[in-house]
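Down below is the structure, laid out as structure tokens.
Please treat every number below as a calculation from the coordinates, not as lab data. Note that the structure is a prediction, hence the values are computed from the model and not measured. For neighbour counting, all protein chains shown are included, and Cβ atoms are generated from backbone atoms with ideal geometry for every residue, glycine included.
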Amino acid sequence: MVSALHRALLRDLWHLRGQVAAAALVTACGIAAFVTMLSAYRSLERARDDYYADYRFADAFAQLQRAPMSLGAALARIPGVTEIDRRIVEDVSLDVPGLAEPATGRLISLPADPSSGLNRLFLREGRWPRPGRADEAVASEAFARADGLAPGSRIGAILNGRWEELRIVGLALSPEYVYEVAPGMLFPDNRRFGVLWMDRDALAGAFGLKGAFNDLALRTAAASSLEPIIGAVDRLLEPFGGLRAYGRADQTSNRFLDDELSEIGVHATYVPAIFLGVSAFLIYMLLARLVATERGQIALLKAFGYTNARIGLHFAEFALAVVTLGSIGGIALGAYFGAGLVGIYRDYFHFPVLRFELSATVVGAAALIALGSALVAASTTVRRAVRLPPAEAMRPEPPKRYRTGRWEAVHALRRIGPSARVVLRNIARRPWRATLSVIGIAAAVATLVVGRYAFDAVDELVVAHFQSVEREDAIVNLRRVGGAAAVGSLARLPGVLRAEPFRSVPVELRFAHRHKRSVLLGIPGSGTLHRLIDAQRRPIGMPPAGIVLTRKLAEMLGARPGSRVQIEQLDGKRLRFTEPIVGVSDEPLGVAGYMDAHTLSQVLHDEGAVSGALLQIDAAHRMALFRALERTPRIAGVTIRAAALQTIREVMDRSFLLMTVVMTAFASVLVVGVVYNSARIALSERGNELASLRVLGFQRGEVARLLLGEQALLTVVAIPVGLGIGSVLCRLLVPVFDRELFRLPYVLSARTYALATLVTLAAAAVSGLLVARRIDRLDLIAVLKTRE
Amino acid sequence: MPRARLARRMSRKQPSIARLNTSTQTTLATRPSAILAGRNVSKVYRLGDVEVHALRGVSLELGAGEFVVLLGASGSGKSTLLNILGGLDVPTSGEVRYRDHVLTTATDRELTRYRREHVGFVFQFFNLLPSLTALENVELVTEIAANPLPAADVLGRVGLADRLRHFPAQLSGGEQQRVAIARALAKRPDILLCDEPTGSLDYPTGKVVLEVLERANRDLGTLTVVITHNAAIAAMADRVIRISSGEIVDVQHHATRARPEDLSW
């Protein structure tokens, strides 16, 4: 049995269905955003945790020159270490069929029993390499799929200077390469970088590492702290060319995964907050109007003896009904989008299983948040309904009082016509409502701006970095440090216009109590292909003495120009020296220290040593060059700039389109919600007034202008406000994207501002048209007989 | 604007008082100066399954400058007739003409133009825009009129020269109604339609409003139609048309009109 009040509630909901739908939709967007991001977050986190646990992802890692296997006993005795894995890891140049440029392959040794040890592989397809077979490899699934490789495919590889043909026998995934990105890259380029796992003895033979290892992974007891273990590992590995050991936090793939998780975490808080705030405002407006139009009914109910509590509940239930509708829609929508987002993650993060999970906790939290926003929305209006004394409520509402605003003293406004005055005075009469409307619309504008920020910033980052800093067409890394002759031979390859040598030294930098593992690059003072830049992106010359740090690295060390940093060479002679910081370079990608190549080689006592070369290429001869590079021994890897940029573009375009569509839809819902509801309420409040004007001979358009002028003006005011808020929010996001791997600059394109403006205007116009249609339905006859 | 200039402007448009006087002497059917006429006007409303005959074949002609009172009880059909004459409603059958325009076949846009250019409305509940002052309420209409009177002058004529900057909420009912009359007259309509103009006013205020209507009719020569259920008002009309159950049951001509101040109810 439905009570009479409940029937009244249903009728009110139906009668106000347009506005109820708009408010519910805004709620739905907020809840959907919450559910999407939180469930994607939890799905990703769950997949990561399970994968890391089941496949025994290592807790710490170290690279070294070469150490005997016998060192394992000492490593395993370090307190807190539970398991060690001594591996051989080498980067080589690959010749992949169908790929013009050379690819980089990371070869990793497999233990005798491939399903044991740390960082275990998940074999998706095929089989393990047979023991002792030097020509069999298991390829990472993402790499194989991107290059159309399958078990049975063959690729060329230069193993320690010898060209070999490898046969792919299986496809696998590793917890170490969930995000499979080449060193120094932001986005995975699965066509040109891939991991290959091979038989240990075969690799040891090829690289002269029989009875030795050059890479260490270890697991620690859950309770033990990492710092002392890393210290002990470093001490043991130091005589063997150990580069500093590091924990999961600095492991590339894991770091990207963590960054992504913390990023969704940030979005998962402010996006739903914006939407639920606006939906609370809309419900508040709806309820306030409902209480105003139902004054008589409220009085009657009170006269009949309904308690204040029951009447309060009646209006609270209205708010509850709206958010319930919104929540159901939002949870469904969130589940849909969440599954979509997890689908996108599958392209970037490679797990054996990445399943979308909609947990009861997320749904419950969403419902609670929605309930909270309903209560906030209902609290004031319900109190107003409850406080209404029955006798007063029986009388119609007192006539609306208006007054001349202070703005009317402004000379320029004195000449405006009465219609414009109606619009302005209506705004001035309810300044709070106008302010909240402006905030609501501005929130939509800001959402659009923030949604596009990352794309604008990456665009700018790419331009800034690759036009100003890394200006070469290709980077060639030598397998071992060589002499000037090596660069000379590279310069003579076909299509090479210019070859600039560079020296790359793994170092640990220390300043005061802080230390940071990084790389020190020696570049020639006369070089033009790799430049240092200031904050305005102007090139700064390489000083002949001292060290230049990327700004991020200086910040991480807490050092500034003039500070003297201690530098420890981590390979070769392991020299320690001190250099003053003579400059900072504002490059947006990665961190490094720079020294003049000549000065650096003097300090390191290895005159003329080079690690590789930066090449400027004649595009017409690039194919010939690539072929030559693929067959050149001594090369560990080649990075082609154009290919890297194309990858970034492709990745951006794909996620960009989806993001823009979703953001546009969400922001439109916000604008429609605010404009449509405000205009409907204005129509309900001033319907009589407008119908009178129709009787007096005002055309529909003229009446529509009077009704919608207010919303139009508020929208026009809200757009610059929203652009401003969006810009400020993006500025606040800059620290979120200030990472060691990359730093997004604060930049918003004119296109972003234009898109935000156009979408908002279009959504406002559509809402206006929807309401304007109702002007036709004004009852011109009833108005002659109705009291305000 | 000086009174003299205002009077000149009015005399350009309006027929002479002499001609108005002759029109009151002629019979209903042959009135040569009729500007608004209805022939066999019927209106049937459907309320659920019930058909309500609001008007049953009403014919009438209204002359320029006439002061007509439509008298009837509530539900008699007088409001329906007024709505149809004002272009707010269309009859189920019959024809309504304004000069040489047939209103019954006009589009919504044409009817709006008819109301805008030729008809002034005065409502029982005034229906002023609360957000505009007295002056601005009148200006709202003069803004869209082709050849309006200056808003301040018209308000002066209805005795509100010192209330121009007041908002409706700051005016008494009678004052609000006078603003409404000024708003209706300012565009110099041919026809002024008043629906129970004193219906929500007290006795003295009501009389002041009637005086304003009477003077406007006399000075401006606007055809004025007042509907009311108050028989006492009928004495000030040139013609009184009684309506009952959707039919004209009686037409009375007055050779001389009573002055509003002499009326009592």
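The aspartates and glutamates whose alpha-carbon is closer than 19 Å to the alpha-carbon of residue B:43, local same-chain residues fewer than 8 away aside, are A:779, B:51, B:61, B:89, B:95, B:108, B:195, B:247. Remark: the residue A:749-residue A:113 segment gains 223.5 nm on full extension, using 0.36 nm per residue and subtracting the alpha carbon distance.
Phi-derived couplings, Karplus 6.51 cos²θ - 1.76 cosθ + 1.60 at θ = phi - 60°, listed residue by residue for region A:212-226: 9, 9, 10, 8, 10, 10, 9, 10, 10, 5, 3, 7, 6, 7, 6 Hz, with x used for Gly and Pro. With θ taken as phi - 60° and the Karplus curve 6.51 cos²θ - 1.76 cosθ + 1.60 applied, the whole-hertz 3J(HN,Hα) list for region A:616-629 is 10, 10, 7, 3, 5, 10, 5, 4, 4, 5, 4, 4, 5, 5 Hz, x standing for glycine and proline.
Would you mind computing the Rg to Rh ratio of region A:282-362 from its alpha-carbon coordinates, Kirkwood style for Rh? Don't skip to the end; give the middle numbers.
Values: Rg = 21.6 Å, Rh = 16.3 Å.
In region A:282-362, Rg relative to Rh is 1.33.
Ranking A:668, A:265, A:99 by Cα position along the charge dipole of the protein assembly as shown, where only Lys, Arg, Asp and Glu carry charges on their C-beta atoms, puts A:668 farthest toward the positive end. Its Cα centre serving as origin, region A:466-644 has a Cβ charge dipole (Lys and Arg +1, Asp and Glu -1) of approximately 300 debye. With bins 10 Å wide beginning at 0, the percent of Cα pairs of region A:59-247 falling in each bin runs 9, 37, 35, 16, 3.
Computed over the alpha carbons of region B:97-232, Rg followed by Dmax gives 14.6, 44 Å. The residue list A:566, A:529, A:466 was ranked by how far each Cα lies along the charge dipole of region A:466-644 toward its positive end, using unit charges on Cβ atoms, and A:566 comes out on top.
Which of A:85, A:606 comes first, and how do the rest follow, when ranked by fewest Cβ neighbours within 10 Å?
Ascending Cβ contact count within 10 Å gives the list A:606, A:85.
In peptide B:140-149, what is the residue-averaged number of other protein chain Cβ atoms found within 10 Å of each Cβ?
The per-residue average across the peptide is 3.
Report note on the peptides A:525-538, A:754-767: ranked by the mean count of other C-beta atoms within 10 Å, highest first, their order is A:754-767, A:525-538.
Antiparallel versus total DSSP beta bridges in region B:194-265: what percent is that, nearest 5? Restricted to region B:194-265, the bridges split so that about 75 percent are antiparallel.
Could you tell me the relative contact order of region A:466-644? Use alpha-carbon pairs under 8 Å, at least six residues apart, and round to a whole percent.
Relative contact order comes out at 38 percent.
The ellipsoid equivalent to the alpha-carbon distribution of region A:325-380 has semi-axes of 31, 10, 9 angstrom, derived from the gyration tensor eigenvalues as √(5λ) and listed largest first.
In the protein assembly as shown, the convex hull through the Cα atoms has an average projected area of 56.0 nm², a quarter of its surface area. Across q = 0.08, 0.10, 0.12, 0.19 Å⁻¹, region A:466-644 modelled as identical point scatterers on its alpha-carbon atoms has Debye log10 I(q)/I(0) values of -0.25, -0.39, -0.55, -1.27, in the order of the q list. Among the residues of A:416-424, the average count of other protein chain beta-carbon atoms within 10 Å of the residue beta-carbon is 5. Mind grabbing the base-10 log of I(q)/I(0) for region A:449-555 at q = 0.10, 0.14, 0.21, 0.24 Å⁻¹? Debye formula, identical points on the C-alpha positions, no solvent, two decimal places. Here log10 of I(q) over I(0) equals -0.40, -0.75, -1.29, -1.41.
Averaging 1/r across all pairs of distinct Cα atoms in chain B and inverting the result yields a Kirkwood radius of 18.8 Å. Local charge for residue B:145 was computed over the other residues whose Cβ lies under 12 Å away, with Lys and Arg +1 and Asp and Glu -1, and equals +3.
Here is the link list: A:400/B:187; A:210/A:552; A:400/B:207; A:302/A:400; A:516/A:573. Which ones come out longer than 30 Å on Cα distance? The pairs that break the limit, which is 30 Å between Cα atoms, are A:210/A:552.
Take the Cβ-Cβ distance between residue B:42 and residue A:368 as r, set R0 to 51 Å, and report the resulting FRET efficiency rounded to the nearest 0.05.
Working from the Cβ atoms, E equals 0.20.
Please find the FRET efficiency linking residue B:117 to residue B:95, where r is the Cβ-Cβ separation and R0 is fixed at 25 Å, and quote it to the nearest 0.05. Plugging the Cβ-Cβ distance into 1/(1 + (r/R0)^6) gives 0.75.
Annotation: the antiparallel percentage among DSSP beta bridges lying fully within the protein assembly as shown is about 70. Counting only other chain Cβ atoms within 10 Å of each residue's Cβ, the peptide A:623-635 averages 0. When you restrict to C-alpha pairs under 8 Å that are six or more residues apart and normalise by the size of region A:59-247, the relative contact order lands at 37 percent.
For the peptides B:189-195, A:466-472, A:352-358, the ranking by mean Cβ contacts within 10 Å, running from highest to lowest, is B:189-195, A:466-472, A:352-358. Can you compute the charge dipole magnitude of region A:59-247 about its Cα centre, using +1 on each Lys and Arg Cβ and -1 on each Asp and Glu Cβ, nothing else charged? Give it in debye, rounded to the nearest 20. Dipole magnitude for region A:59-247 comes out near 320 debye. Across chain A, Cα pairs under 8 Å and at least six residues apart give a relative contact order of 18 percent.
Each part reduced to its alpha carbon centroid, region A:337-356 and region B:168-229 end up 74 Å apart.
Overall, chain A carries a charge dipole of about 3340 debye about its Cα centre when +1 sits on the Cβ of Lys and Arg and -1 on the Cβ of Asp and Glu, all other atoms neutral.
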